Each structure stands twice: as structure tokens, then as C-alpha cells.
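Here is the structure we will look at.
The values are calculated or read from the model by the stated rules, or taken from the named source; none is laboratory data. Remember, predicted model here, so these are calculated numbers, not experimental data. Cβ placement follows ideal geometry from the backbone for every residue including glycine, while neighbour counts extend to all protein chains displayed. Just the protein is used for accessible areas: all its heavy atoms, side chains included, with ligands, DNA and RNA removed. Shrake-Rupley method; radii C 1.70, N 1.55, O 1.52, S 1.80 Å.
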Amino acid sequence: MNTDGQEWFTRAKLGMFYHCGLYTLLGGNENAVRSTMSKAEYRKLTDSFTLEHFNADAWVDCALSMGADYVMPTSRHAEGFCLWDSKLTDYTSLNSPCKRDIIAELSEACARKNVRFCLYFNFETWMNEGDDIWNTRGLSYAEYMTGQLTELLTNYGPVGVVWFDHGHPELTPEVMVGIVNHIKRLQPDCLVNNRSIDRKSSVKYGYDYVSAERVIPVRHSDNHDIAIEVCDSMGVKSWGYHKEEAFWSVGELARRVSRCAANGYVYLLNVEPTPDGTIHEACVERARLLGDWVRQNRQELNADRSSFQPVDPNLENEPTIGVATVAGTKLHLHLHEWPVADEVLVRADGQPTAATLSGALGTELSVAADKRGLLVRGLPPGPPSGTSPWMLTVECATSPTLRAEATAGRTYTPAPGEPIFLSPRDAQLDGPPDLGGISQHLNFFPDGSVSVGLLHKAGETLTWRATVAEDAEYDVFGSFGTSPDQAAGEFVLSSGSSTLTGGTWPTAGYASPVSKRLGRLRLAAGENRIVFKVTRANFSDVYGLSLARV
């Protein structure tokens, strides 16, 4: 990352994303709506773009209510329609009934309210048919893009980030190096992300950080210090305004903020401006309520990332019920779920001195070190008021350390004849690293289910360990959730004693798993390494494997 004056990004916890363009008028997914009409028909939407109630101060106030450290409007999306006074294209908000420079007004509002101003910039120009201003001037595509970035970086004050998205065949990695160098000459402290890389090329254009989309990725240990931003949307179906949108709950959004804090990630959360220029009221309300939770727990969110995890010691398999951050001798446990009894365990070594539960005045807790780790007792039967996560702080005389068994992974030890469920939570994720050192990730769904997704490369593996008393055969059932682009995935499952192969099957989407029998696998007496290897990607989200003894 560019470190010259960019410490703000390493300290940032939250940003607000705004997706607004011609697609807003159609009320559907911003990319899908392009398939509903021709380019000529789509261009006519410019004549209806008014944004009559747009108020830049209201947009920035929404971000401030959420506790955002920066804002990120889309200056132009894949359609090529620009929200600023570009002199290189006809397709701008100034050449529509709106007749306003949206980017200028937002930049000025951010300056007034002391919020970091950043810009999304998409490299596609879908509406163009060769008769635009830049075409008639004889500019190449790279010159057009460079010219537009020059406008944005010389006319709208300091820009914290240029957030690249998509790409173009003419924008080779070598050309991208020149574009990024140009950005740095105009604004040396401006960051760029990684989302326009040609993944097959060895040439990297000098991005400052990695942007993951709608996922909270698993870091590879050898790239643990790369800066990662998770972009997400309050809307389930879209980034731009959607007439039939469903929205994530405030509790689920808070849990995502918590997971990002525990990993040291920045969370960039999108809201949906409506066709009249106001932000969808459901987004405004969620931003305010999420901000209340963020302000209440700012100390815990601002603490350092950690690998500590609270578990419920009174449930079989001691499932993880949250994440943690650490500040010196204080261990902040973010409880995403409430334990079934009055105890929480964290597999750590230390000398605990006190435990406190935020929002539960008068509750007396005890904490002690035992052979399993640090055990907190005396929790109330139900959580404090308000949304989860709930914060439980354990103070120690010295900084706590992670126990070896917390990082070694779980070994399943079923009783004779007992079935085995191989959970995504317990899988060791491995394989060719993705850009920025992120590969597979865990999806956490509101109903409590968990999946491993983003299996986009052949050779990626999920590995579990299971110890059984005797040689035996097991019927294997897999639970997969499959989107259309995951429908051709293939895998090999092996135990060291036998192997089976198979592929994906259609479901209603990656969030809608369906279970099917995969085949039969033999486990040998003793410890077995059960390896699920993707041989053809993209692969379905894996919700787990069930082994039933024959």
C-alpha cells in the first residue's frame, strides 16, 4: 500500500457506497437490466434522468449516521453514464434533465463535513456506438479513460481512492501501469484497488489494496498484512435501486462489521439511491441503527485483529459463536450467538483478572484459566438488549496467547457407527492463492448455516481429519448451493483408502443448498485426511459433507 499520507485507510473501519446511474430508473439489478433493451433504447434513459430530490448533504449525513470514515459514489458504472461534467462524452448528468454535477456536489459536501471523498470508476462504456465525443476526437480507449480520470482528479479536490471495476481488452496490464502512474502523479496520496487486473498476466499494475465483493475472505498466512476491503450491499438482489429489493437485517450487517474488524478488514457498505435522488428509506434506517451499534462498540471494533474465537463449551463439538479483537491485555469477544448456558470459552493462555459484559450492568462474571483455556462463567440466561454481536471483555495480567489446539484444526472422533458431519467451519482451506492472497471464504447466513464459497480455481482443497476405530465404508452426501456460473464444477474426494469423483447440480442459487448422495468412501482405522479437491471450477458453495456408515 502507498504509505505516504494514507494511514487513514489502515485505521478506517467503515465506508459508504452509493450506486446511482441510468439503471436506477429501471429498478432492477444494475447489470442485468442491460439485457432487457438495446443500447439505443438504453441511451434514451438519459432523457428521463432527473434526480430531482438529490441532496448531497443528505447522502453524506447518511454515511455519518452509520459511522463511515469515507464515502464512495459511482462516478460511472458499466453503462458509461457519468455523474460529473465530463468533456469527453455526451452521456453525463449535465446532459440530462438533471443538469447537475453530482460528483462536484458530493465532493463539496464531504469537504464541509470532513469526510474522506473517494470515487468508484468502471472501465466499461457499454452504451457507446462509436459516435461519442471521444470517438470523434480520435482518442484510443486508454486515452479516453485516462482523460476522464484526469478530469476527476484535477477538478474535484482530494480523492482518497479511485475504486476500479471491470476492465476492457485495450486496458492491458502494461497500459494499467501507465494509468496508475498517471493517477499517482496527479494525486500521490490517492489509493487504487485491484479489481481491473488481468489475472493471467504476471504484470501487476501497482494496486494499493484488495477489494473483495460480498464476501469476508479467509486470509492466507503468507499474505496476512495486505490491506483488504470488503464491499457489500444492504440489498440482497442489487447494488443499484431495485423495486423488489430485500434487505439484510441490522443484526446481520453488524455481525459482518464485527467479522471484518476481527480480520483487520475495512467494510464498505452500499446503499441504494432511488430514481428521485433520495436514498432508499430502508437503507437510511439501517444505516442509523447500525451506526448506533458501531458507536456503542467503537472501542472493541477499533482494537487489533486476532485469531481468538469464543466457543460454547456446553454444546457438542464446542461450536464457535463469534470472533474477537485484542487491545494489549484486553480480549474483546464479539458474541454473534448467545451460549446455551452461562459459560463462554476461549482457547487462550493467560492470567485472567476480570470479565465484563457490555450493556449488562450489575452482572457479576467470573473468569478463570483451566485446561481448555479461559472460561467465563455467570452470564445471564439471555443476551443484553440490542442487536448482536454483544461484547464480552476479558482482562488479563499479560497479553493472552492463542493455544495450539485453536489453530491446529479439529479432528472428528465419532463413536462406532456414528455418522460424521464435516462442517465448512472445520475445513482447512488450501490451494492456489487468489489476488491479494485471498482464496476461499466462509459465508455466514442469517439462518445460521455456513458455506465455503469462491472456489474459482482448479486445485483448491478442503481438508478434514477424522479418527475412526476400525476400517469401514461410508455413504457420502454433499450439500451444495449452486449459482448458474457454478453449474459445471467437478471434484475428487479422497480419504487415502479410496476415492470418488463427482460434479455440481443445479439449485436455486448459492444460498439455496440441496443435498445429494455423492458415492461411497472407505475410512481406515486411525486418523484419516479427507480431502475435497476442486478439479473444475467454478464450484458450488459447499455447505458440508455427511458420512453415514454402511
Label-reachable residues, region 511-538, where backbone N falls under 14 Å from a point 7 Å from E473's Cα toward its Cβ: 519-524
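Just flag the trypsin sites (Lys or Arg not before Pro) in region 337-393 sitting in loop per DSSP whose Cβ has no more than 12 other Cβ atoms within 10 Å.
Working: sites: R347, K371, R372, R377; in loops: R347, K371, R372.
When the trypsin sites (Lys or Arg not before Pro) of region 337-393 are filtered for loop state and at most 12 Cβ neighbours within 10 Å, K371 remain.
Considering only the chain, what is the antiparallel percent among its DSSP beta bridges, to the nearest 5? Numbers along the way, then the final one.
Working: 84 of 115 bridges.
Among the beta bridges of the chain, antiparallel pairing accounts for roughly 75 percent.
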Going by the alpha-carbon gyration tensor, a ≥ b ≥ c the square roots of its eigenvalues, is region 70-194 rounded (a/c under 1.5) or, if a/c is not under 1.5, prolate (a/b greater than b/c) versus oblate? oblate
Tell me the label only: which of [x] 25.2, 77; [y] 23.8, 75; [z] 29.9, 101 is Rg and Dmax of the Cα atoms in Å as calculated from this structure? [x]
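With the full set of protein chains in place, find how many percent of the accessible area of the chain is carbon and sulfur; take the probe as 1.4 Å.
Numbers: 10640 of 21990 Å².
Whole-percent figure for carbon plus sulfur exposure: 48.
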At most 15 other Cβ atoms within 10 Å and a DSSP loop assignment: could you name the GluC sites (Glu not before Pro) in region 235-319 that fit? E244, E316
Burial order of peptide ranges 330-343, 137-150 (average beta-carbon count within 10 Å, highest first): 330-343, 137-150
So, in nm, how far is label E364 from label T398 when the simple model puts each one 7 Å beyond its Cα toward the Cβ? 3.0
Within region 57-75, find all residues whose amide N lies under 12 Å from a label point positioned 7 Å from the Cα of Q187 along Cα-to-beta-carbon. 71-73, 75
Between region 307-370 and region 97-157, how far is it from one alpha carbon centroid to the other, in angstrom? 49
Over the chain, with neighbouring protein chains present, the accessible area per residue in Å² at probe 1.4 Å is 40
